[in-house]
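Please treat every number below as a calculation from the coordinates, not as lab data. Since this is a predicted model, take the numbers as computed values, not measurements. Backbone-built Cβ (ideal geometry, glycine too); neighbour counts: all protein chains shown.
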Amino acid sequence: MIDQDFLKLGEAGVQRSFEDGEVVFRKGDASGEMYLIVSGTVELKFEGDRDDKTIGSGEYFGELSFVVGRNFRSASAVAGSKLEMIALDQTAFDRLMVSQTDLLFKLVRRSCAYLLESEQELIEDLRQRNTQLQDTLNNLRHTKAELDFQEIQAQTDEMTGLYNRRALNTQLDKYMKRHHLSGRQLGVLMVDLDGFKLINDTYGHHVGDEVLILVAEILKKAVREDDFPCRQGGDEFVLLLPDTTDRNGRAIAERIRKAIEALPPIPADAKHKASGSLGGTLLRENETRESFLERADRYLYQAKDSGRNLVVWEGGTL
């Protein structure tokens, strides 16, 4: 319903007509006029997440261009039906400041109330978005933690706590790439327990498992921070030894062999005890991962064929 204040404001403006669907202005256009709706409706389209708004006869919009100074439209205005409006530009607004001071005061007060309401809505919207974002981040952290834990589990041997074959397959290429980039040597050492099947068959798998756990502890203590110990399966273990030399590799291998040999019989009265055969080598230039591992495996079996409880490092037997 059009009131007297509306009519007084309209006296200073210019009549405008728009057909249904016609654009009055677009979001981002420079502002400079306000509009009073005589008949019909206007759709204010804010885009983004803010809801569109429909206003009709007796309402006005665009007055913020006079209240906050020249700015840009925050929404697009489209005629929702055949539309009759009165447009007031800056010149008309200045005339009203002289002749209709009280009326403009009401207009400014209404506009300020609108700004305050919009600000409160924006603050609440930002608060909700912040809560949603925090929930999303928490969910992502939880999901990442679960994935990290699952990945760790997937690459860890459950019994010994060493890395498993899957981890070796994943990490070997990275170690080889690091070797090629740095020019430093990369060694691999394979460990196989002697007579392990006899231990399992004679004293039971629980005793065999205890032996594997003790050997895993030996490997953990023998390696350096950047070394990569893993259980390949059964009683076979593999160690990647970055930044090493033939001399260092041999020394690490012999230290591990002696530590395995020094393990006490399990059980105490057992007639059979574990020992280890070890084979090792250094990566050659332009060598494939398959060739690298196969050569170390060949030296391992050479150690077994030579009497077991031995280290065969490329170039000689210890």
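Here segment 169-184 and segment 274-288 have alpha carbon centers that stand 15 Å from each other. Counting Lys and Arg as +1 and Asp and Glu as -1 over every other residue whose Cβ lies under 11 Å from the Cβ of SER76, the net charge comes to 0. Take the Cα of ASP305, step 7 Å toward its Cβ, do the same at LYS27, and the gap between the two points is 7.7 nm.
Counting 0.36 nm for each residue step from LEU7 to ARG50 and taking away their Cα separation leaves a gain of 12.4 nm. Cross-link partners among lysines for LYS220, C-alpha distance below 19 Å, same-chain residues fewer than 8 apart left out? Within the straight-line cut-off, LYS220 pairs with LYS258.
Bridging of LYS82 to lysines at a Cα separation below 27 Å is possible for LYS8, LYS27, LYS45, LYS53, once same-chain residues fewer than 8 apart are set aside.
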